[in-house]
Every structure is written in structure tokens, then in C-alpha cells.
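Rule-based calculations on the coordinates, nothing more; no lab input. This structure is a prediction, so every number in the text was calculated from the model and none was measured. So basically every Cβ, Gly included, is an ideal-geometry build from the backbone, and we count neighbours across all protein chains shown.
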Amino acid sequence: MPPESPLVRVLFVCTGNTCRSPLAAAALVAELGEDAARVEVSSAGTAAGSGQPASALSCDVAAGDGLDVSGHRSRRASSSVVKSADFVFVMEPLHRLAVEALGASRERVHLLSEYPAPGDPGMPVSDPFGASREAYEECWRRIRHHVRRLTPAVRQALNARNAS
């Protein structure tokens, strides 16, 4: 029987919370499989408006892999949200500064392309907002790549909490 509250909280942060971070959250849920029920995976934006859906092209590229982000609604990153996360994955260095200014613990904030170390910094996750379908597809490909690399660390944290 699953616990009443998640054992691990993972937050993905981008700018508007309509492209990259909702895609990353959906990718992690898919990668976690059955373990996803014990992990709270969410997303937020440093400059997000509230209640906006995922962009149409984000929905399209995720649907191409059988994932549905159509129910996503944007939210702005807040102090309470970033402080409660065990892992905060940001898309750009400026996002790191923003979430740390909100009180996120420095050791919990990671640039998606650089985690786990040494990461793959040659594959940054650029914002596809307003760009071509190809830009969204490349963004999605990179997000999937990075999320596959970080999933073992999330599982390890989950197992450590489960054991205690």
C-alpha cells in the first residue's frame, strides 16, 4: 500500500512552465514506472503565469512517445514549492539563481544537463517556445536523454527513504 505522502519530491523549473519543465516532469514519471506513485513530480516556471496549458507542440512531441501533458497548467515557482523539493532540476543557470533566491537549498538545485556529474553539458535544454516543430523535437530528445540519466539518483533517494 503506497504511503500517504510521497517519499521524494522532484521539481523541474523552466521559464514559462509551458514547454520544458512539464515535458521533463512527464518524462520522469514515465521513466519511474511503478515507482512514480511514491514520487511527487511537478514543475514550475520562474516567470510563469498561472493556469496556462502546455504549448501545443509540447503536447504533440510528448504524445509521439505516448505521454499526455494536455492536462498540465502552469504555475510560478514559489518559496514553498522550491523549499519542499528534494531535487530541483533547472533548465538554465539563471533558473538556478531564481530558485536559490526563493530559498531552495543549493545542494538540491541541479542544472538538468549537468546532473549527475559530470553530466552532459554539451547538450543544454534550450527554450523552444515560439520555435519550429524541429526545435521542440530536439528539446524533447534532450530532455528524455537527461531524465534517463537522473532517474537512478531519484530511485536511490526513494529506496533510501523507503528503508528508513
**Prompt:** At what distance in nm do the modelled label points of Ala131 and Asp68 sit from each other, each positioned 7 Å from its Cα along Cα→Cβ?
**Reply:** 2.8 nm
**Item:** Rounded to the nearest 20 debye, dipole of segment 1-100 from Cβ charges on Lys, Arg, Asp, Glu
**Value:** 460 debye
**Student exercise, segment 47-145 dipole from Lys, Arg, Asp, Glu Cβ charges, in Debye to nearest 20** = 400 debye
**Modelled label reach - Ala153, point 7 Å along Cα→Cβ, segment 114-132 residues with backbone N closer than 17 Å** = 114-125
**Item:** Whole-number percent relative contact order across the chain, with pairs defined as alpha carbons under 8 Å at least 6 apart
**Value:** 27 percent
**Beta bridge orientation in segment 8-158: antiparallel %, DSSP, nearest 5** = 5 percent
**Asked** If you keep only loop residues by DSSP, which GluC sites (Glu not before Pro) in segment 1-77 have at most 11 other Cβ atoms within 10 Å of their Cβ?
**Response** Glu4
**Potential extension, Ser164-Ala47 segment - 0.36 nm per residue separation minus Cα distance** = 38.4 nm
